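Novice: Here it is, the structure in full.
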Amino acid sequence: MRHSAVSCTGIHKQFTKHVFPSSMLQDRILRWRRHRKRWSHTALQNVSLSVGQGEWVGLYGPNGCGKTTLLRILAGLLPEDSGHVSITGKLSCFFELGVGFHPEKSAVENIYMHGLLHGVDPSVIRSQTDEIIERAGVASHRDLPIKCYSSGMKMRLAFITTMRTESDIYFLDEVFAVGDLEFQQICREELRLLKARGKTAILVLHELKELRETCDRIVFLEKGAISGEEIILPVTKSL
């Protein structure tokens with residue numbers, strides 16, 4: 001039986017905001033009745049999940065079902081209203097559009113800062129930099145600030161940098177939305193290598209077919225709750 005690498009119990013998350021927001025104190029005092037009105041949305045309700053060491057789990061469901069919210073809570077980027085999260089091992093995350101990259105810094109500088117924040121030895125970061133830039137296809141913009149990159153270039157650089165960060169657990173949100181068909185194939189190769197090394201991963205994808213080809217198990221979410229799961233049986237190749 002696999003030991004748990006990621007687990008959460010009874011996770012609940014609700015977002016609330018004012019229907020008529022205002023930053024002016026005068027407006028809040030004079031029109032206090034209007035600003036008492038609030039809008040709320042329950043993103044997650046009583047979600048419990050356990051992922052074993054070396055297991056790959058996909059999160060699947062319609063837009064707004066809570067997939068990314070759950071992933072962010074597990075990663076510690078978003079606080080849960082109630083419940084408990086446990087992570088055993090070093091964690092690395094990939095979210096949209098190069099989250100954590102500084103727009104005024106170059107690719108080389110961002111790779112270096114990303115590595116330092118993850119505890120990577122500076123000499124190891126420097127030895128990987130050229131390969132990361134080449135693999136991400138941003139060599140022509142190597143010394144330009146990230147703000148000069150297209151959205152696809154930023155996401156490719158962020159993805160490859162994440163893949164080169166040695167961790168035990170990886171959280172990946174929409175990794176196949178980071179570029180053209182050629183780069184999507186590179187993504188698949190990177191994931192296969194990661195899985196072959198026995199790493200643990202949770203993936204959020206909108207393509208069920210991709211999840212079935214990549215993961216060991218798929219957890220289905222609907223309206224903020226787990227509605228079921230599917231075990232992916234290994235394919236036996238005939239000789």
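The values are calculated or read from the model by the stated rules, or taken from the named source; none is laboratory data. Quick caveat: nothing in here was measured; it's all calculated off a predicted structure. Note that we place each Cβ from the backbone using ideal geometry, even for glycine, and neighbour counts take in every protein chain shown.
Novice: Based on what the data block shows, is L74 surrounded by 15 or more Cβ atoms within 10 Å (Cβ to Cβ) and in a helix (DSSP H, G or I)?
Specialist: Yes: the conditions hold for L74.
Novice: Any idea how many residues of segment 141-155 are part of a helix (DSSP H, G or I), under 18 Å from Q184 (Cβ atoms) and without any contact (Cβ under 8 Å) to a residue 12 or more places away in the chain?
Specialist: Within segment 141-155, residues that are part of a helix (DSSP H, G or I), under 18 Å from Q184 (Cβ atoms) and without any contact (Cβ under 8 Å) to a residue 12 or more places away in the chain number 0.
Novice: Go through E213, E182 for me and flag whichever is at pLDDT below 85, farther than 26 Å from K105 by Cβ and of a type outside the set (F, W, Y).
Specialist: So the residue among E213, E182 that is at pLDDT below 85, farther than 26 Å from K105 by Cβ and of a type outside the set (F, W, Y) is E182.
Novice: Could you check how many residues of segment 146-180 are within 13 Å of the chain's Cα centre (by Cα) and of a type in the set (G, A, S)?
Specialist: Of the residues in segment 146-180, 2 are within 13 Å of the chain's Cα centre (by Cα) and of a type in the set (G, A, S).
Novice: Tell me which strands (runs of 3 or more DSSP E) are completely within segment 1-66 and hold 2 or more residues being surrounded by fewer than 16 Cβ atoms within 10 Å (Cβ to Cβ) and modelled with pLDDT of 90 or more, or say none if there are none.
Specialist: Where strands (runs of 3 or more DSSP E) fall fully within segment 1-66 and carry at least 2 residues being surrounded by fewer than 16 Cβ atoms within 10 Å (Cβ to Cβ) and modelled with pLDDT of 90 or more, they are 4-18, 38-52.
Novice: Name every residue in segment 142-167 that is basic (K, R) and buried (at least 16 other Cβ atoms within 10 Å of the Cβ), in order of residue number.
Specialist: Selection gives K154, R156, R164.
Novice: What about I132, is it in contact with a helix residue (DSSP H, G or I) (Cβ under 7 Å, 6 or more places away or on another chain) and either of a type in the set (V, I, T) or surrounded by 14 or more Cβ atoms within 10 Å (Cβ to Cβ) (or both)?
Specialist: Yes: the conditions hold for I132.
Novice: What's the number of the condition E174 fails, among (1) under 25 Å from G61 (Cβ atoms); (2) among the charged types (D, E, K, R); (3) modelled with pLDDT of 90 or more?
Specialist: (3)
Novice: State which residue pairs qualify: first residue among the aliphatic types (A, V, I, L, M) and inside segment 67-89, second residue in a loop (DSSP other than H, G, I, E, B) in any location, beta carbons under 7 Å apart, and separation of 6 or more residues or different chains.
Specialist: I73/E80
Novice: Scan segment 187-239 for residues that are closer than 21 Å to I169 by Cβ, part of a strand (DSSP E or B) and among the charged types (D, E, K, R) and jot them down.
Specialist: Scanning segment 187-239 gives R217, E229.
Novice: Restricting segment 78-98 to residues that are surrounded by 14 or more Cβ atoms within 10 Å (Cβ to Cβ) and under 18 Å from M155 (Cβ atoms), which is modelled with the lowest pLDDT?
Specialist: G98
Novice: Still on this model: Considering only segment 168-186, how many residues are part of a loop (DSSP other than H, G, I, E, B) and either free of Cβ contacts under 8 Å to residues at least 24 places away in the same chain or surrounded by fewer than 20 Cβ atoms within 10 Å (Cβ to Cβ) (or both)?
Specialist: Summing the residues that are part of a loop (DSSP other than H, G, I, E, B) and either free of Cβ contacts under 8 Å to residues at least 24 places away in the same chain or surrounded by fewer than 20 Cβ atoms within 10 Å (Cβ to Cβ) (or both) in segment 168-186 gives 3.
Novice: Under 7 Å between Cβ atoms, at least 6 apart or on separate chains: pull out the pairs that start in segment 90-102 with a residue that is over 8 Å from I169 (Cα atoms) and end on any residue that is modelled with pLDDT of 90 or more and of a type in the set (V, I, T).
Specialist: Listed by first residue and then by second, the contacts come to G98/I146; F101/I146; H102/I146.
Novice: Select from segment 99-140 the residues that are within 26 Å of Q53 (Cβ to Cβ) and not in a helix (DSSP H, G or I) and write down the one among them that is modelled with the lowest pLDDT.
Specialist: V99
Novice: Can I ask one more? Looking at this structure, is L78 under 20 Å from the mean Cα position of the chain (by Cα) and over 30 Å from T16 (Cβ atoms)?
Specialist: no
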